[in-house]
Amino acid sequence: MSFTEYAEKSLREKGYKLTKPRRQVLEAIEKAEGPMSPYDIGKMMEGKGRHLDQVTIYRVINLLCSLNLVHKVFSRGGYVRCDLQEEEGCHRFLVCRGCGHLQEYRDEALCRQESQVAQKLGFQAEHHVTESSGLCKDCQG
Ligand SMILES: [Zn+2]
Ligand SMILES: [Zn+2]
Ligand SMILES: [Zn+2]
């Protein structure tokens with residue numbers, strides 16, 4: 001199943017309509033080579049003679065992020081499609097500063113540990129975001 005197909009199914013299952021802007025943003029993110037900002041997405045649409053305003057794009061992206069379909073890559077200032085379809089929990093990234101490669105992963109033990117740290121500080125954590133930057137296997141040495 002392609003990313004867009006999976007995301008469409010997921011939206012419907014959670015009671016969200018598949019509006020035209022949602023479909024267009026999904027398609028843009030599926031085709032993107034790397035992280036895209038809402039501005040990049042808007043530009044990409046305009047290249048195809050479509051027009052979506054930034055507020056709409058932001059809203060769609062926020063919804064997709066809340067459903068774990070799209071993630072923000074903080075160190076790159078953009079958004080990418082989720083590669084871990086159907087996997088619950090917090091998804092994290094290893095970001096290569098050499099080639100820009102992104103590796104998505106999840107780690108339940110890490111989640112438990114982060115929740116414990118927060119708990120010690122009297123905080124109830126619901127979601128964790130960690131990003132590691134460095135060099136991938138191909139870019140080392
Ligand atoms: Zn993910
Ligand atoms: Zn690399
Ligand atoms: Zn977590």
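Coordinate-derived values only; no laboratory data. Remember, it's a predicted structure, so these values are computed and weren't measured experimentally. As a convention, Cβ positions derive from the backbone with ideal geometry for all residues, glycine included, and neighbour counts pool all protein chains shown.
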ask   = From the list Gln113, Gln124, Gln119, which residue is assigned to a loop (DSSP other than H, G, I, E, B), without any contact (Cβ under 8 Å) to a residue 12 or more places away in the chain and either over 20 Å from Lys31 (Cβ atoms) or among the charged types (D, E, K, R) (or both)?
value = Gln124
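Go through region 91-123 and give me each residue that's under 21 Å from Cys136 (Cα atoms) and away from ligand 2 (no atom under 16 Å from the Cβ). Spell out how you get there, then give the answer.
Going through region 91-123, the residues under 21 Å from Cys136 (Cα atoms) turn out to be 91-107, 110.
Answer for region 91-123, where residues must be under 21 Å from Cys136 (Cα atoms) and away from ligand 2 (no atom under 16 Å from the Cβ): His91, Arg92, Arg106, Asp107, Leu110.
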ask   = Pick from region 90-128 the residues that are loosely packed, with under 14 Cβ neighbours inside 10 Å and closer than 15 Å to Cys65 by Cβ: which of them is nearest to ligand 1 (Cβ to nearest atom)?
value = His127
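When you scan region 15-96 for helices (runs of 4 or more DSSP H) that lie fully inside it, which ones turn up with 3 or more residues that are of a type in the set (Lys, Arg)?
Details: elements: 20-31, 38-46, 54-66.
Once the helices (runs of 4 or more DSSP H) in region 15-96 are filtered for at least 3 residues that are of a type in the set (Lys, Arg), what remains is 20-31.
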request  = List every residue pair whose Cβ atoms sit under 6 Å apart, with the two residues 6 or more apart in sequence or on different chains, where the first one lies in region 83-109 and is at negative phi and the second, anywhere, is more than 16 Å from ligand 3 (Cβ to nearest atom) and in a helix (DSSP H, G or I).
outcome  = Gln85/Tyr6; Val95/Ser75; Cys96/Cys139; Gly98/Cys139; Cys99/Cys139
